[in-house]
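Working notes, structure below.
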Amino acid sequence: MLEISNLMVFYENALALNDFSMSLQAGGIIAVIGSNSAGKTTLMNTLSGLIIDTKIKEQRKGGERITVYGKIIFNGEDITDLYPSERVKMGMVLCRERHPIFPESDLMENLRIAGYLRKRSEIKEMIDYVFDLFPTLVRLKNRKAGFLSGGEQQMLTIGMALVVKPSLLLLDEPLLGLSPMMQTTLVDAIKKIREQTGLTIVITEQFARPILPMIDYGYIIENGMLTLDGTGLALMENPEVKGAYFGV
Amino acid sequence: MKQRRKERIDRGIKARSDDVFSLNSFREMLYVAVPPLAPVLILLILPLELSSYWQKVLISTCVFALLAMSWDFLVGVGMVSLGQALFFGVGAYIAGISNKILGLPIWIDIPIATILGGIVSALLLAPVLRLRGVYFSMVTLVLPLMLERIVEASGVFGGTEGISGITPFPNSFFESYLIVLVTLFALFAFRRLITTDYGLVLKAIKDNDRAVMSVGINIYWMKAQALFISGCVGAFCGAFITHVYGFVGMPSFALDYSILPLSSAVVGGMGTFAGSFLGAFILVPLSEALRGIGGLRIVLYSFFLVFFIVALPEGIFHYIQRKYQQFERWVEVDK
């Protein structure tokens, strides 16, 4: 479904992602685990195409030069130079880190904005599904999104991505800034999404412990380089992963 | 003696449900109906009551109210324009040219100028759609000034002389009512538009444009549409004024058409359209009323501006709206 080969991203002379390759089968969950500044968000922005927009903006104001090498194939089509909106239309939806919601609009409005390109009946169906997945959100329907808690905002962010009806869901650090209990709730929700919809999911995360048990395959990156890969269980058993991410 | 307590009127109306309003008395109906009906009634009566001089002031006020609302609309999408004069000037020139040179009747040239003006304005600003904040503002400020100089230097469209002898409206009542009706329509249409899904997306672009992009919406196309809508409103104003004065020339790109709408929206209160509308209806007549005092006019006018901005930074409309919602009444205490 998704094939990334030899992806390299430079911010001026700094190498954010170095020769990164991975492949993903439909219906799977894979995770890219790495600490801060490992290149996780750069990877997600490159996959979703947001980096193209940043690149043009930086170019226009004479800022940092962003260079991207490598190839991204999605469903057999080369999407390396496609704009983010076109990638979303193909079914690839990114749920960005730090709960990117619209704080001035209420929860329902946020979901309606996300589903703007879909038919009304589809939006309704997906919003019902989101409320089914996150029952906590039902009573907060009319609350301004800016006043929701961090966990609720993260649920809303995932809900917004689901309303778009993706075939590939990219989750950038979904557990960032959440309590262990909220992390468990979200991990359960992600598992449920996969079971109920068969969606293909890519997660980047620095909290390996809750993520590794549910994934099919995982990649560990450090300083933009792929250092280790394997199934979730194999990575959990790996002494280096245990040392670096479990503190064992 | 019966005990009484004070209750906010809107508490009774916004009854226990999020979207359903319950109106239990004539007074409550009045409370809900007055805010939208008051401007409609006042504006419909005004042209009948005013002298011909003040009718012209009313026209000018409505034009600035429209420009202020179109400015407010752009700000709502995250584009702070300092050049509503661009929209105004483009519309004015298209109307002038199509009426005087192409010989089109007034009923055709105004709609053409409105639509074409919107398209031209959006096209002129299309290259800077990716710019934000002060960069976008600077470009919008410079464009009308540049077009003004191009007209002057090249002598096209009458150069410094402009184009005169443009067909006027049949009579002054007609022109007053036309602009009043368009202003009221724009006020309610803008307020409605911003609550639709389309409006929510436009508002969301200002809040978090990358998140909008993440859900597959092309924000630059949406911004271009917003520019077109705002441009159409501005261009209509230009086309209308061209027919009122029977003349179009370089003053159509004057800075006044950029700055006064902005001041109106800031003084009135941004984000509601009603604020911009109210702001224009305070500033423009005030400026005319102060005309009699001569040289001190600008000083007093500036004083008023500074006073409103310092005393009511949220805008007059937001203040009035808050106070209106805090109206209280005496109710008997149930035992």
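What is the stretch B:184-317's relative contact order, in percent, from Cα pairs under 8 angstrom and six or more apart in sequence? Mind showing how you got there, number by number?
Values: 90 pairs, mean separation 25.5, N = 134.
Averaging sequence separation for qualifying contacts and normalising by length gives 19 percent for the stretch B:184-317.
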For B:Lys56, go through the lysines and keep the ones whose alpha-carbon is under 25 Å away, minus same-chain ones fewer than eight residues off. B:Lys100
So what is the 222 nm mean residue ellipticity for chain B from helices alone, if each DSSP H run of at least 4 adds -39500 (n - 2.57) and you divide by all residues, rounding to the nearest 500 deg cm²/dmol? -23000 deg cm²/dmol
Ranked by GNM mean-square fluctuation in chain B (Cα springs under 10 Å), the top entry among B:Gly91, B:Gly199, B:Gly117 is B:Gly199
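Looking at the square roots a ≥ b ≥ c of the eigenvalues of the Cα gyration tensor of the protein assembly as shown, which shape do they give, rounded for a/c under 1.5, prolate if a/b is larger than b/c, or oblate?
Oblate shape, in that a/c is at least 1.5 and b/c is the bigger or equal ratio.
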Cβ density ranking, 10 Å radius, fewest first, applied to B:Val284, B:Val57 yields B:Val57, B:Val284
Total charge of the residues flanking A:Leu176 in space, meaning their Cβ is under 9 Å from its Cβ, with Lys and Arg +1 and Asp and Glu -1, is -3
With a ≥ b ≥ c taken as the square roots of the eigenvalues of the C-alpha gyration tensor of chain A, please select rounded if a/c is under 1.5 and otherwise prolate if a/b is larger than b/c or oblate if it is not? oblate
Under a 10 Å cutoff between Cα atoms, tell me which one of B:Ile42, B:Ile97, B:Ile179 has the largest fluctuation in the Gaussian network model of chain B. B:Ile42
Give the share of C-alpha pairs in each 10 angstrom bin for the stretch A:165-246, from 0 to the last occupied bin, in whole percents, shortest bins first. 16, 50, 31, 3
Using +1 at the Cβ of each Lys and Arg and -1 at the Cβ of each Asp and Glu in the protein assembly as shown, identify which of B:Tyr220, B:Leu30, B:Phe240 lies farthest towards the dipole's positive end. B:Leu30
Mind checking the dipole of the stretch A:1-109: about its Cα centre, +1 per Lys or Arg Cβ, -1 per Asp or Glu Cβ, Debye to the nearest 20? 200
Tell me the mean residue ellipticity at 222 nm calculated for chain A from its helices only (DSSP H runs of n ≥ 4, each -39500 (n - 2.57), averaged over every residue, nearest 500). -10500 deg cm²/dmol
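At a threshold of 8 angstrom on Cα-Cα distance, excluding pairs fewer than six apart, so keeping six or more, what relative contact order does chain A reach in percent? Intermediate values should be presented prior to the final figure.
On the way: 454 pairs, mean separation 68.8, N = 248.
Worked out over chain A, it gives 28 percent.
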Would you mind telling me which residue in B:Tyr245, B:Tyr53, B:Tyr257 has the biggest mean-square fluctuation in a Gaussian network model of chain B, where springs connect alpha carbons within a distance under 10 angstrom? B:Tyr53
Straight-line reach only, C-alpha to C-alpha below 19 angstrom: list the lysines that B:Lys323 could link to, leaving out same-chain residues fewer than 8 apart. B:Lys6, B:Lys14
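Under a Cβ-only charge scheme (Lys and Arg +1, Asp and Glu -1), can you give me the dipole magnitude of the stretch B:212-335 about the Cα centre, in debye to the nearest 20?
Working: 7 positive and 6 negative charges, 16 e Å.
Once rounded to the nearest 20, the dipole reads 80 debye.
Rounded, prolate or oblate: pick one for the stretch B:203-334, where a ≥ b ≥ c are the square roots of the eigenvalues of its C-alpha gyration tensor, a/c under 1.5 means rounded, and failing that, prolate if a/b is larger than b/c, else oblate. Intermediate results must be reported in sequence, preceding the final value.
On the way: a/c = 2.13, a/b = 1.02, b/c = 2.09.
Oblate shape, in that a/c is at least 1.5 and b/c is the bigger or equal ratio.
Quick note: the coordinates plus some simple rules give every number you see, no bench work behind them. None of these values were measured; they are calculated from a predicted model. Here Cβ is always computed from backbone atoms with ideal geometry, including for glycine, and neighbour counts include all displayed protein chains.
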